[in-house]
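The values are calculated or read from the model by the stated rules, or taken from the named source; none is laboratory data. Because the structure is predicted, anything quoted here is derived from the model rather than measured. Cβ sites come from the backbone with ideal geometry, for glycine too, and all protein chains shown count toward neighbours. Areas reflect the complete protein model, heavy atoms only, side chains present, ligands, DNA and RNA absent. Shrake-Rupley method; radii C 1.70, N 1.55, O 1.52, S 1.80 Å.
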Amino acid sequence: MKESTITLTMLWVHVPFATAWIGIALLDAFLAVAPGLSAAQRSQLIRLTLPFVLLAIPVIVVTGVWQTVYNPVTRPQWSWAILEDLRRTTYGWALFYKHVFVVGTLVATLAIKLVLVRRLGAAASAGLAGAGSAVALAPEARIDRPLQTASWLNLLCCLAILICVVLMVYQLH
């Protein structure tokens with residue numbers, strides 16, 4: 001297969017996975033603040049997308065690295081020197097910051113899916129064993145706060161990625 005065919009195929013895979021990733025970030029942010037959900041329900045609903053997230057991470061990273069190496073501005077860049085040449089352009093600058101925000105959303109999503117949701121689920125289990133009164137709601141709200149913060153930071157990273165992509169596409173015209 002030719003390099004251009006592989007690049008186009010990688011793009012066809014990358015864009016739907018990245019779009020779904022942003023959709024999951026939106027869903028997580030909505031579920032983190034949705035009224036009327038118990039901690040257990042919130043935890044279970046956010047955890048539902050974990051299999052896709054674990055599949056999407058290597059797909060997005062591999063296809064993204066390919067798109068970076070075979071970008072439309074420079075020749076294939078398998079060296080740091082060529083990468084530095086790319087960073088001197090507006091396209092390369094936007095691509096660099098896009099990578100920063102991609103790392104941010106990967107870290108935030110993994111923190112949400114693997115750490116914060118488990119804490120929320122554990123707190124919900126402990127709350128169910130304790131008193132079922134209104135007093136038990138205050139600690140649950142405290143437990144939700146890190147999840148809400150991470151979800152909104154994740155969403156901000158996704159928005160920043162979209163802004164960088166718009167700038168990159170604009171630079172190609």
Per-residue ellipticity at 222 nm attributable to helices in the chain (runs of n ≥ 4 DSSP H, -39500 (n - 2.57) apiece, nearest 500 deg cm²/dmol) works out to -27000 deg cm²/dmol
Most mobile listed residue (152, 78, 21) in the chain, GNM with C-alpha springs under 10 Å: 78
Roughly how many Å² is the accessible area per residue of the chain, as a whole number, for a 1.4 Å probe? 58
At 0.36 nm per residue, minus the direct Cα-Cα distance, what do residue 171 and residue 97 gain on full extension? Give it in nm, one decimal, please. 25.2 nm
Once label points are set 7 Å from the Cα along Cα→Cβ at both residue 69 and residue 148, what is their separation, rounded to one decimal in nm? 4.4
Quick one: with all protein chains in place, what share of the accessible area of the chain is carbon or sulfur, to the nearest percent (1.4 Å probe)? 73
What full-extension length gain, to one decimal in nm, is calculated for residue 57 and residue 125 as 0.36 nm per residue of separation minus the Cα-Cα distance? 21.5 nm
Go through the range 159-165 residue by residue and turn each phi into a ³J(HN,Hα) via Karplus (6.51, -1.76, 1.60, θ = phi - 60°); whole Hz please, and just put x for glycine and proline. 5, 5, 4, 4, 5, 4, 5
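So for the range 1-140, what percent of the C-alpha to C-alpha distances run longer than 18 Å? Don't jump to the answer; show the numbers that get you there.
Values: 6282 of 9730 pairs.
Everything past 18 Å amounts to 65 percent.
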Put +1 on the Cβ of every Lys and Arg and -1 on every Asp and Glu Cβ in the chain; which of 163, 67, 116 then has its Cα farthest towards the positive end of the dipole? 116
